[in-house]
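Worksheet for the structure shown next.
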Amino acid sequence: VQLQASGGGLVQAGGSLRLSCAASGGTFSSYYMGWFRQAPGKEREFVAAISRSDSSTNYADSVKARFTISRDNTKNTVYLQMNSLKPEDTAVYYCAARTRWFLSTNVYDYDYWGQGTLVTVSS
């Protein structure tokens, strides 16, 4: 499956952005999906994950109550709504897909990755 992330940009602290990740070449509804991010000089870290049917989600503590992951299986797309953005949210955001059917926060559990979209939050 190929993943294409979009929606990044420059936003002021307190603002919002919605990232999208469009999938092609596979059966999107069979994948668990996740969002990760990587800031300069840091390791890639988990942000959020969602089950195949949108019934279960998981969030990193740092984004809980500010970010919302969702998916539309009719559009083969997963979203990340980011509200109340902080400068420390600045990173390249990646979407990822996994074929095994449970939520995971581990970067090594994901089988396919998109190219990333840059989010910059100014103070």
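The values are calculated or read from the model by the stated rules, or taken from the named source; none is laboratory data. On a predicted model such as this, the values are computed, not experimentally measured, just so you know. As a convention, Cβ positions derive from the backbone with ideal geometry for all residues, glycine included, and neighbour counts pool all protein chains shown. For the accessible areas, the whole protein counts, side chains as well, though only heavy atoms, and no ligand, DNA or RNA atoms are used. Shrake-Rupley method; radii C 1.70, N 1.55, O 1.52, S 1.80 Å.
What whole number of Å gives the distance from the Cα centroid of region 1-20 to the Cα centroid of region 100-122?
Cα centres, region 100-122 to region 1-20: 13 Å.
Amide H to amide H under 5 Å from Y112: which residues, 5+ apart in sequence or cross-chain, H placed 1.01 Å off N in plane?
Amide H to amide H, under 5 Å and 5 or more residues apart or across chains, Y112 pairs with A97.
Which aspartates and glutamates, if any, have their Cα less than 18 Å from the Cα of K42, not counting same-chain residues under 8 positions apart?
D61, E88, D89
Ordered by residue, what ³J(HN,Hα) values in Hz, to whole numbers, does region 26-38 give under the Karplus form 6.51 cos²θ - 1.76 cosθ + 1.60, where θ = phi - 60° and Gly and Pro are x?
Result, ordered by residue: x, 8, 4, 5, 8, 9, 7, 10, x, 10, 10, 9, 9 Hz.
At a 1.4 Å probe radius, carbon and sulfur cover how many percent of the accessible area of region 17-123?
Result for region 17-123: 46 percent of the exposed heavy-atom area is carbon or sulfur.
Please list the non-local residues whose amide H lies under 5 Å from the amide H of R71, H modeled 1.01 Å from N, same-chain partners needing a gap of 5 or more.
Excluding prolines and chain starts, which carry no amide H, the hits are Y79.
Calculate, for the chain, the solvent-accessible area per residue in square angstrom, rolling a 1.4 angstrom probe over the heavy atoms of the protein chains.
Computed with neighbouring chains in place, this is 50 Å² per residue.
Along the charge dipole of the chain, pointing to its positive end and built from +1/-1 on Cβ of Lys, Arg, Asp and Glu, which listed residue (I69, A48, A97) has its Cα farthest out?
I69
Label N73 and S24 with points 7 Å out from Cα along Cα→Cβ: what is the distance between them in nm?
In this crude label model, N73 to S24 measures out at 2.2 nm.
Which ³J(HN,Hα) values, rounded to whole Hz and listed in residue order, are derived for region 46-54 from phi using the Karplus coefficients 6.51, -1.76 and 1.60 in 6.51 cos²θ - 1.76 cosθ + 1.60 with θ = phi - 60°, glycine and proline given as x?
Each residue's phi maps through the Karplus curve to give 5, 10, 7, 9, 9, 6, 4, 9, 6 Hz.
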